[in-house]
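Report on the structure given below.
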Amino acid sequence: MEGLMSHSSNFLLPPSDNNSSVSLKYALVILNQNLPKFTPLLWDHAHIRVCADGGANRVFDEMPLCFPKLNPSNVRTRYKPDAIKGDMDSIRTEVRDFYAKLGTKIIDESEDQDTTDLHKCVAYIRDLTPDTDKSELCILAVGALGGRFDHEMGNINVLCRFSNTRVILLSDDCLIHLLPKNHSHKIFIQSSVEGPHCGLVPIGMPSGSSTTTGLKWDLNETEMRFGGLVSTSNIIKGDIVTVQSDSDLLWTISIKKL
């Protein structure tokens with residue numbers, strides 16, 4: 001066990017309301033699904049924003065809908081991604097040209113068909129991040145849930161492939177991230193924006209022993225596996241949840257309508 005790992009969804013709060021003890025540097029990845037309504041908030045938290053291929057279409061088409069009283073062209077200029085990366089089979093030509101003229105870096109990796117667009121973007125952000133800052137890096141991926149199930153599973157697999165990097169998958173309804181087995185975990189609940197429904201799901205292998213506090217139905221050295229018990233539809237009971245397990249777990253919690 002390598003020690004305690006703390007988690008907080010303070011990125012769902014306006015920066016002025018953020019008094020969390022968990023201080024991280026955020027990066028944002030936009031995938032090719034409907035953008036959550038809180039995407040502009042995540043954008044403002046992030047120090048780098050990368051679109052995964054067709055995610056650029058989503059930013060171009062949907063960001064102006066978040067600001068119906070503003071000129072769409074001004075919104076598109078304001079929310080310009082730093083880079084667009086992927087196999088470029090989904091991005092529209094006019095969208096690619098629009099952002100390229102604004103200075104967005106276009107990175108065509110169509111020769112790599114063995115990794116997903118999310119994988120490519122996470123690797124790119126990690127490569128840009130100095131080693132001294134990697135422990136504070138947290139990558140927020142919107143559009144990662146919903147749509148085709150195989151895409152969702154591919155995105156969940158990225159959590160496992162980059163288990164030493166904080167990656168959080170987000171939709172309008174929930175978030176998912178990995179709780180690596182080599183740490184104990186303390187999750188600070190932001191009750192104004194998330195909960196009460198939550199779940200813990202073993203990933204990669206069964207859990208022989210998982211223990212929690214802060215849930216309505218806590219686990220006490222409980223075995224979890226597919227084909228047996230998994231902790232879904234649980235309920236947050238307090239402001240802090242603790243988790244310890246002998247296997248990697250997926251943590252998911254509902255997001256309130258912001």
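The values are calculated or read from the model by the stated rules, or taken from the named source; none is laboratory data. Small disclaimer: the values here were computed from a predicted structure and weren't measured. Here the Cβ positions follow ideal geometry from the backbone for every residue, glycine too, while neighbour counts run over all protein chains shown. Protein only, heavy atoms only, side chains kept; ligands, DNA and RNA dropped before computing areas. Shrake-Rupley method; radii C 1.70, N 1.55, O 1.52, S 1.80 Å.
Summary table
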read-out	value
Residue in the range 126-142 that is in contact (Cβ under 8 Å) with a residue 60 or more places away in the chain, of a type outside the set (Ser, Thr, Tyr), surrounded by 19 or more Cβ atoms within 10 Å (Cβ to Cβ) and in a helix (DSSP H, G or I) present	no
Counted residues, the range 93-119 - those being among the charged types (D, E, K, R) and modelled with pLDDT under 95	6
Single unsatisfied condition, Arg96 versus (1) within 26 Å of Leu178 (Cα to Cα); (2) touching a residue at least 12 places away in the same chain (Cβ under 8 Å); (3) assigned to a helix (DSSP H, G or I)	(1)
Output for the range 40-56, where each listed residue is open to solvent by less than 10 Å² (accessible area, probe 1.4 Å) and more than 27 Å from Ser110 (Cα to Cα)	Leu42
Residue, nearest to Phe38 (Cα to Cα), within the range 176-195, restricted to residues that are of a type in the set (Gly, Ala, Ser) and more than 18 Å from the chain's Cα centre (by Cα)	Ser192
Enumeration of residues in the range 164-187 that are open to solvent by 50 Å² or more (accessible area, probe 1.4 Å) and out of contact with any Leu (no Cβ under 8 Å at 6 or more places or on another chain)	Asn164, Asn182
Candidate set from the range 228-248 (those that are exposed (fewer than 13 other Cβ atoms within 10 Å of the Cβ) and within 9 Å of Ile189 (Cβ to Cβ)); member that is modelled with the highest pLDDT	Asp239
Residue list for the range 103-123, restricted to those being assigned to a helix (DSSP H, G or I) and either under 11 Å from Ala52 (Cα atoms) or more than 18 Å from the chain's Cα centre (by Cα) (or both)	Asp117, Leu118, His119, Lys120, Cys121, Val122
Flag for Asn74 being more than 17 Å from Gln190 (Cβ to Cβ) and open to solvent by less than 30 Å² (accessible area, probe 1.4 Å)	no
Count of the range 143-163 residues which are in contact with a Gly (Cβ under 8 Å, 6 or more places away or on another chain) and surrounded by fewer than 16 Cβ atoms within 10 Å (Cβ to Cβ)	1
Residue among Pro68, Pro64, Pro81 that is open to solvent by less than 50 Å² (accessible area, probe 1.4 Å) and assigned to a loop (DSSP other than H, G, I, E, B)	Pro81
Number of the exception - Asn220 against (1) exposed (fewer than 14 other Cβ atoms within 10 Å of the Cβ); (2) in contact with a Gly (Cβ under 7 Å, 6 or more places away or on another chain)	(2)
